[in-house]
1. Glu67 to Thr280: extension gain in nm, 0.36 nm per residue of separation minus the Cα-Cα distance?
2. With label points built 7 Å along Cα→Cβ from the Cα atoms of Glu56 and Tyr81, find their separation and express it in nm.
3. Which of Leu70, Pro283, Leu165 sits closest to the plus end of the dipole of the chain, meaning its Cα is farthest towards the positive end, when Lys and Arg get +1 and Asp and Glu get -1 on the C-beta?
4. Can you tell which of Asn132, Leu319, Tyr191 lies farthest toward the positive end of the dipole of the chain, using +1 and -1 charges on the Cβ of basic and acidic side chains (Lys, Arg; Asp, Glu)?
5. Only Cα pairs within less than 10 Å get springs; with that Gaussian network setup on the chain, which residue of Asn263, Asn120, Asn247 has the largest fluctuation?
6. Of Arg195, Arg171, Arg279, which is the most mobile in a GNM of the chain whose springs link Cα atoms less than 10 angstrom apart?
7. For the residue pair Ile203 and Glu266, what label-to-label distance in nm results when each label sits 7 Å from Cα along the Cα-to-beta-carbon direction?
8. What relative contact order, as a whole-number percentage, does the chain give when Cα pairs under 8 Å and 6 or more residues apart are counted?
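Here, each number is a calculation from the coordinates, and none is a lab measurement. Remember, predicted model here, so these are calculated numbers, not experimental data. Cβ coordinates were reconstructed from backbone atoms using ideal geometry, including for glycine residues, and neighbour counts include every protein chain displayed.
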Amino acid sequence: MTQIMLRRNLSFFIILLALLLAITFPFSDDNQDIDEFFGLTMGTSYRFQVVGIPVELTRKVIAEEIEELLIDLDSGTFSTYVPESELSQLNRYDTNIPFEASSEIIEVLSLAQEVSALTNGAFDITVGPLVNLWGFGPDSEISRGNLPTNEVIEDTLEHVGYNYLLIDVARSQLKKNADIYVDLSGIAKGYAVDRVGTYFDSIGVENYFLEIGGELKMKGFKQGNENWIPAIETPLDTVPEIYAVINSGGKTIAVAGSGDYRNYFEENGERFSHEIDPRTGRPVKNGLAAVYVIDSSAARADALATAYMIMGLEEARALAESMDQAAYFIYRIGSGEFADHQSKAFNEYLDF
Ligand code: ADP
Ligand code: MG
């Protein structure tokens, strides 16, 4: 739930910033209005701001089409909370028998596997049993304060490994060759943002700012030809405050963040976060507090942000530089004190 709070706070914050900027630039010569669509999906909130919806379409029709798309992606496809969702069916399905999968599932799982290979298994959608073991998933087995033993962790690790999932893209089939449990929390929201973006593109919208649970995609400009300017928050579990501001510069970009500063618990002064290293079976402790990734795909940005949190600053920045990717890292240098680092490609988005 704290995770949801984080995203809510972040979205309120972004909205606040948007309002603030609207007040700062009231003398716009462009009278196109901003249309907003908001609601709940994937255990969090969504907010889509759109400038210039086509005259032949009503707000009502657009709102209905968005809702339909999101219900389909959430309870129809990716939810692990809904027993009838396609993912829940896959998780219950027998091993070594082909599972006929939708193009959505194939697309997301293929991308997830790519990110797993790229990050040496730091990102792994079969991490679910470990997420539960540490008290962060839908079926949390331990009460916090009762940490899992090495033995239990070792046993659980036997069911974790992205290589246990085989994808046959041509046949649109999946096969599990071990009893694994797939958790798409680290990529599905990003994918949904991409899909909503594709929807708006398809109806001819040129300017939008889309947000689902803190994962963003923006295109064009806000009213008055201003750039979209999302904020990065200080990674503290208190009242949200701005740490830095990103300027889209009119480009179509997705921005995704991952952090350990809201969804965590403490035990004897030690911090345990919801970012779990699938290779050790334990929450990471590497000093990184938050990572933001800019990419053309929100799904990829979402997965990479989680992967970078797991990898830690040195390994993550080396990978980001090698791909010329825009990434922003905030790490702890003392209690409540932070330092940051950005990859070269991120410089063009920093608005100062
Ligand atoms: P948020 O869900 O707040 O956007 P992230 O994008 O970082 O945060 O996703 C974190 C979630 O992803 C965790 O709550 C967990 O369900 C899942 N997860 C944790 N560790 C990993 C990992 N190594 N690989 C893939 N998913 C992970
Ligand atoms: Mg993520």
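1. On the way: separation 213, 0.36 × 213 = 76.68 nm, distance 3.91 nm.
Stretched fully, the Glu67-Thr280 segment lengthens by 72.8 nm.
2. Between Glu56 and Tyr81, the simple spin-label model gives 3.8 nm.
3. My answer, from the dipole projection, is Pro283.
4. Leu319
5. It is Asn120.
6. Arg171
7. Placing both labels 7 Å along Cα→Cβ, they lie 4.7 nm apart.
8. On the way: 677 pairs, mean separation 60.4, N = 352.
Relative contact order here is 17 percent.
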